[in-house]
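Heads up, the thing below is written out as structure tokens.
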Amino acid sequence: MRLDKFLAEAGVGSRSEVKQLIRKKAVTVDGQTAVGPEQKLRENDRGVAETVCVNGKSVSYSRFVYYMLNKPAGYVSSTEDPASETVTELVPADRNVFPVGRLDKDTEGLCILTNDGALAHRLLSPGRHVEKCYYAEVDGELTEHHVQQFRAGIVIRDKNHDEKPVTLLPAELRILSAEPDFSRAEVTICEGKYHQIKRMFAAVGCGVLYLKRLSMGGVTLDGQLQPGAYRPLTDGEIAILKNGGKRK
Ligand code: URA
């Protein structure tokens with residue numbers, strides 16, 4: 001990575017401001033005065049391998065960023081969209097982050113955004129069975145029978161393969177309240193099929209009225225975050241995700 005890009009991304013200043021600092025010899029790389037803005041630094045997982053100082057103070061920078069967003073309804077889970085606002089518009093724009101997995105436009109809740117492609121790939125890999133927990137409100141009366149159906153594996157039609165029936169992996173349904181036309185529940189799944197929760201409830205005759213993701217891979221939505229608000233993940237949360245999305 002170029003030195004001026006590194007300094008700008010680390011928040012030292014704009015690209016032209018950091019170029020000025022380098023020209024004024026305010027910047028050192030491993031103790032040596034920086035040669036020029038285009039000087040190359042070696043990247044590693046932490047950020048860069050060299051110690052970069054500005055006016056004698058070391059600049060820290062991590063190559064990857066990780067955010068937790070409380071996604072509001074009305075935003076699509078992608079980096080760009082011709083018609084709708086996207087979740088990436090709600091977090092800092094300078095680090096090229098993308099959402100880890102998709103929530104429907106009308107779904108709220110935990111959305112993890114990062115520029116760490118390898119971690120995102122691992123969390124979304126079907127073989128890893130990373131758990132996701134959702135809060136749902138549905139228009140039917142949930143019963144113990146539904147709990148058993150979810151546990152046994154709900155059968156849905158696979159739209160990508162001639163509508164062939166697919167048996168989903170066992171899911172945990174916890175009924176929070178149940179009335180004839182309205183129930184509240186939490187559902188934990190370890191797959192990530194398209195519209196999975198809505199299709200699971202549809203398969204047992206219920207329509208989803210409201211859906212919110214509460215957790216993913218052992219990381220729980222911070223209750224302090226209002227819809228639309230985000231915060232960086234803590235080191236502990238990043239460690240949980242890097243540990244395969246499962247708590248140690
Ligand atoms: N399942 C759904 O149906 N929608 C979501 O947004 C997430 C899971």
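Computed quantities for the displayed model
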item	result
Relative contact order of segment 116-195, defined on C-alpha pairs under 8 angstrom at six or more residues apart (%)	37
Relative frequency of Cα-Cα separations exceeding 17 Å in segment 3-59, percent	23
Percent RCO, i.e. relative contact order, over segment 3-59, from Cα pairs under 8 Å lying at least 6 residues apart	33
For segment 79-145 versus segment 210-226, the gap between their alpha-carbon centres in whole angstrom	10
Computed lengthening from Arg15 to Lys164, 0.36 nm per intervening residue step minus Cα-Cα distance	48.2 nm
Within a Gaussian network of the chain (alpha carbon springs, distance under 10 Å), most fluctuating of Tyr67, Tyr210, Tyr75	Tyr210
Nearest-10 value in Å² for the accessible area of Cys53, using the 1.4 Å probe	20
Pairs from Lys19/Lys242; Lys5/Lys105; Lys19/Lys57 whose Cα-Cα separation, in the structure shown, is over 26 Å	Lys19/Lys242; Lys5/Lys105
Fluctuation leader among Gln149, Gln39, Gln226 - the chain, Gaussian network, Cα springs under 10 angstrom	Gln39
Solvent-accessible ranking of Thr167, Thr188, largest area first, probe 1.4 Å	Thr167, Thr188
Max mean-square fluctuation residue, GNM over the chain, Cα-Cα springs under 10 Å, options Ser58, Ser77, Ser177	Ser58
The chain: relative contact order in percent, alpha carbon pairs under 8 Å with at least 6 residues between	18
Point-to-point label distance, Asp139-Glu186, nm (Cα→Cβ direction, 7 Å offset)	2.7
Cα-only Debye scattering, the chain: base-10 log of I(q)/I(0) at q = 0.10, 0.14, 0.17 Å⁻¹	-0.59, -0.95, -1.24
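The values are calculated or read from the model by the stated rules, or taken from the named source; none is laboratory data. Here the structure is a predicted model, which means the values were calculated and not measured. Don't worry about glycine lacking a Cβ; one is built from the backbone with ideal geometry, like all the others, and counts go over all protein chains shown. Only protein heavy atoms, including side chains, enter the accessible area calculation; ligands, DNA and RNA are left aside. Shrake-Rupley method; radii C 1.70, N 1.55, O 1.52, S 1.80 Å.
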